[in-house]
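A.B. asks: Mind having a look at this structure? Questions to follow.
The values are calculated or read from the model by the stated rules, or taken from the named source; none is laboratory data. Here the structure is a predicted model, which means the values were calculated and not measured. Cβ atoms come from the backbone with ideal geometry, glycine included; neighbour counts cover every protein chain shown. SASA here: full protein model, heavy atoms, side chains in, ligands and nucleic acids out. Shrake-Rupley method; radii C 1.70, N 1.55, O 1.52, S 1.80 Å.
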Amino acid sequence: QVHLVESGGGLVHPGGSLRLSCVASRSILEFDTMGWHRQAPGKGREWIATITSHGNTNILDSMKGRVTISRDSARNTVYLQMNALKPEDTADYYCNADFHGTYYWGRGTQVTVSS
């Protein structure tokens, strides 16, 4: 069983930054991939970024330059650094992990971008 817990969300002004964290209940190096998705109010879940077990990353094109995904394997944690936040970034942000073909999700952390 895998548990993922996100944190770091909150209210931020447009142009601000946030770093979201996702702590896993086991070594993140055991996961094939880990990633972040988001779901804005009234919309479907959208993929944002992925990091593989080898450390390779992939970012949604529309967010490249504003978003970075990274990890700290000693802390079993994956991060999503978001800069230059916009009101349209307001959403619930979810961490997920692919553990040998089984996908696990955290419960999400809310990000609100508003002045």
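A.B. asks: Step through the residues of segment 76-85 one at a time and calculate ³J(HN,Hα) from phi using the Karplus curve (6.51 cos²θ - 1.76 cosθ + 1.60, θ = phi - 60°), rounding each to whole Hz and writing x for Gly and Pro.
C.D. replies: With the stated coefficients, segment 76-85 comes to 6, 10, 10, 10, 10, 8, 10, 10, 6, 5 Hz.
A.B. asks: Could you give me the ³J(HN,Hα) list for segment 98-112, computed from phi with Karplus coefficients 6.51, -1.76, 1.60 and θ = phi - 60°, whole Hz, x at Gly and Pro?
C.D. replies: 9, 10, 6, x, 9, 9, 10, 10, x, 8, x, 9, 8, 10, 10
A.B. asks: When the accessible area of the chain is computed with all protein chains present and a 1.4 Å probe, what percentage of it is carbon and sulfur?
C.D. replies: C and S atoms contribute 46 percent here.
A.B. asks: May I ask for the longest run of the chain untouched by trypsin sites (Lys or Arg not before Pro) that are loop-located per DSSP and have at most 14 neighbouring C-beta atoms (other than their own) within 10 Å?
C.D. replies: In short, 65-106.
A.B. asks: Taking every alpha carbon pair in the chain, what does the distance histogram look like in 5 angstrom bins from 0, in percent?
C.D. replies: Spelled out per bin, shortest first, that is 2, 13, 25, 26, 19, 10, 5, 1, 0.
A.B. asks: Measuring with a 1.4 Å probe in the full set of protein chains, what accessible area per residue, in whole Å², belongs to segment 24-115?
C.D. replies: Values: 4780 Å² over 92 residues.
Each residue of segment 24-115 exposes 52 Å² on average to a 1.4 Å probe.
A.B. asks: Right, something else. List every residue whose amide H lies under 5 Å from the amide H of R71, counting only residues 5 or more places away in sequence or on a different chain, with H placed 1.01 Å from N in the peptide plane.
C.D. replies: Hits under the 5 Å cutoff: Y79.
A.B. asks: Once ligands and nucleic acids are excluded and a 1.4 Å probe is used, how much of S62 is accessible, expressed in Å² to the nearest 10?
C.D. replies: Rounded to the nearest 10, the figure is 90 Å².
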